[in-house]
Amino acid sequence: MNRRLNIVGIICMVYLIGGFSTNSFAQKKSFENPVLAGDRPDPTVVKIGNYYYASATSNEWAPLFPIFKSKDLINWELVNYVFPDGAPDWARNNFWAPELAYDEKQKKIYAYYTARDKESNRLSVAVASAATPESKFTDHGPLVAQEYGSIDAFEARDENGKLFLLWKEDGNSKGQKTPIWAQEINEDRTALVGEKYELFHNDQDWEGGLVEGIAIFRKNGYFYATYSSRGCCEITCDYVTGVARSKSLLGPWEKYDMNPVIRDNESWKCPGHGTVVEKKGELWLLNHAYNQEGSVYVGRQGVLQKVEWTDDLWPVFSNDEAYTRSKASLDFIDNFKKRLDPVWQWRVTQDIQYETGKDGLKLQASEENETLGTLLVQGTKSLNYRYEAIVVPVFNVGAGLAVIGGANNGFGAPVAGMGISVEGNEVTLWETVNQKSKIIATQTIPDSKKVKLILEMKDGYKMSTSVKVDGGSIQVGEVQDVKHLVPWGMGFRLGMVAKGDKDSYAHFKEVKISN
């Protein structure tokens, strides 16, 4: 059982989309948001030929930085990861804010990203490159790591064609201002050149403690910048988006006096950190937001909206109704007969070992991940769902299903979870927080060659668990409130769990998610 997690293959994720803002530039749309359902924060998008490619923040879950492909910005498929085998050697955690950039002359794709350096413990902006978005990426390591941290990279050429890297200095983490810096970078994207220039910082009351997530586009003789302010995450978030413009990349920059241009509406809240891209002569913004209904239990989802224009050439955003999309399009099933679907992820600190084939998935057990065991996870996409697995019971390993969050609501904090596992003829409802596990309920079942474990969620945080064996259904424990487990704005993950000695494995025949 020595095969590493293989992400070769394509999983198609089809979404319909719609508009989102509070401005008065309404326009009828025939599509719905989110375009990237589930927890897809800080989305980036770039057009290469006839296709669009997007990526999003990974946080602590590998493979790192998914690459999605689309012909229309509406229907997306997962085609690659920037780092399919886990973290680069120099980086520890906080894998945030990828930004894709394509060089037409070089015919090469660059993926900027944020990560925390193992040695300095600083948040750093780094870059990787590949011949195409669907080929293997080569990491070039960190470019800048300031004392307060450097995050949210974006590349842009100035009015003379000179290439610059833009980023945010993470001063808000230390109670300081948050400058947006620009510095020339060489054409190989391997080193910064010369001095850095401050474009602007948070100096207006509406911006609160920070500005971040800058993205540049050109139109009407101006450089335009979209950027985000206030608090991005958690139930108490108040994230908003503003715009600024300048005739020169290095300024002076003028902020729109009607900022913020994107704020909460009836369907979406805390909108921010996105990228503008062209489609058939029109400009569109792909950014993230929480669904008002789903709150933080699903996470920050990728939403698309059209760029509109005021008479004095300021970009604002369309105000369309968001329609209820079909939850059936989000359903998922995996019987593991050919390969492990590339949508599955694992903790970036863990080396996953598994086998797939006609007998299903055999997942090597462990006591890792803060004693939770080996985890394979994927994000949730709705508030109400049924998560079930057909499991072959083994007496020396706990095989189960769990909802996975993060203790203390912190980036890089220990994972936490609650789930249902079977070991031999005993089924257990358990919880693990801060590396401490407790048994909530147990149920003895008849000896059987296979059982079905069921985890059902209502309203995003009310969890019930049961087991089906020999045609009968048995409830395991009472309904559990799991809202205390939700990580800092990241949404829950649904996990397969294998807990036990490393010479043992959990045996899953099939996993199914119904929304």
Fill in: Test for Thr178: is it open to solvent by 40 Å² or more (accessible area, probe 1.4 Å), more than 20 Å from Ser248 (Cα to Cα) and in contact with a strand residue (DSSP E or B) (Cβ under 6 Å, 6 or more places away or on another chain)
no
Practice prompt. Could you please give the count of residues in segment 476-490 that are of a type in the set (A, V, I, L, M, F, W, C), at pLDDT 90 or above and either in contact with an Asp or Glu (Cβ under 7 Å, 6 or more places away or on another chain) or on the phi > 0 side of the Ramachandran plot (or both)?
Written response: 0
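Let me confirm something: among Asp72, Asp89, which residue is surrounded by fewer than 19 Cβ atoms within 10 Å (Cβ to Cβ), more than 12 Å from the chain's Cα centre (by Cα) and farther than 26 Å from Gly405 by Cα?
From the options Asp72, Asp89, the qualifying one is Asp72.
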Worksheet item: Within segment 281-298, can you find the residues that are over 13 Å from Lys269 (Cβ atoms) and in a loop (DSSP other than H, G, I, E, B)?
Response: Gly281
Response to the item:
segment 340-383: strands (runs of 3 or more DSSP E) wholly inside it with 2 or more residues that are over 16 Å from Gly417 (Cα atoms) and in contact with a Pro (Cβ under 7 Å, 6 or more places away or on another chain) are none
Discussion item. Quick test for you: out of Asp257, Asp264, pick the one residue that is assigned to a loop (DSSP other than H, G, I, E, B) and either open to solvent by less than 60 Å² (accessible area, probe 1.4 Å) or more than 29 Å from Asp72 (Cβ to Cβ) (or both).
Written reply: Asp257
Worksheet item: In the list Gly209, Gly294, Gly242, which residue meets the criterion of being open to solvent by 40 Å² or more (accessible area, probe 1.4 Å), of a type outside the set (Lys, Arg) and more than 21 Å from Tyr113 (Cα to Cα)?
Response: Gly209
Discussion item. I'm checking my understanding of the structure. Among residues of segment 121-148 that are open to solvent by 60 Å² or more (accessible area, probe 1.4 Å) and in contact with a Pro (Cβ under 9 Å, 6 or more places away or on another chain), which one is nearest to Asn172 (Cα to Cα)?
Written reply: Arg122
Worksheet item: Among the candidates Lys162, Lys108, which residue alone is surrounded by fewer than 21 Cβ atoms within 10 Å (Cβ to Cβ) and over 30 Å from Gly242 (Cα atoms)?
Response: Lys108
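The values are calculated or read from the model by the stated rules, or taken from the named source; none is laboratory data. For clarity, every value in this text was computed on a predicted model and none was experimentally measured. Reconstructed Cβ throughout: ideal geometry from the backbone, glycine too, with neighbour counts over all protein chains shown. Remember, those area values only see protein heavy atoms, side chains included, never the ligands or the DNA or RNA. Shrake-Rupley method; radii C 1.70, N 1.55, O 1.52, S 1.80 Å.
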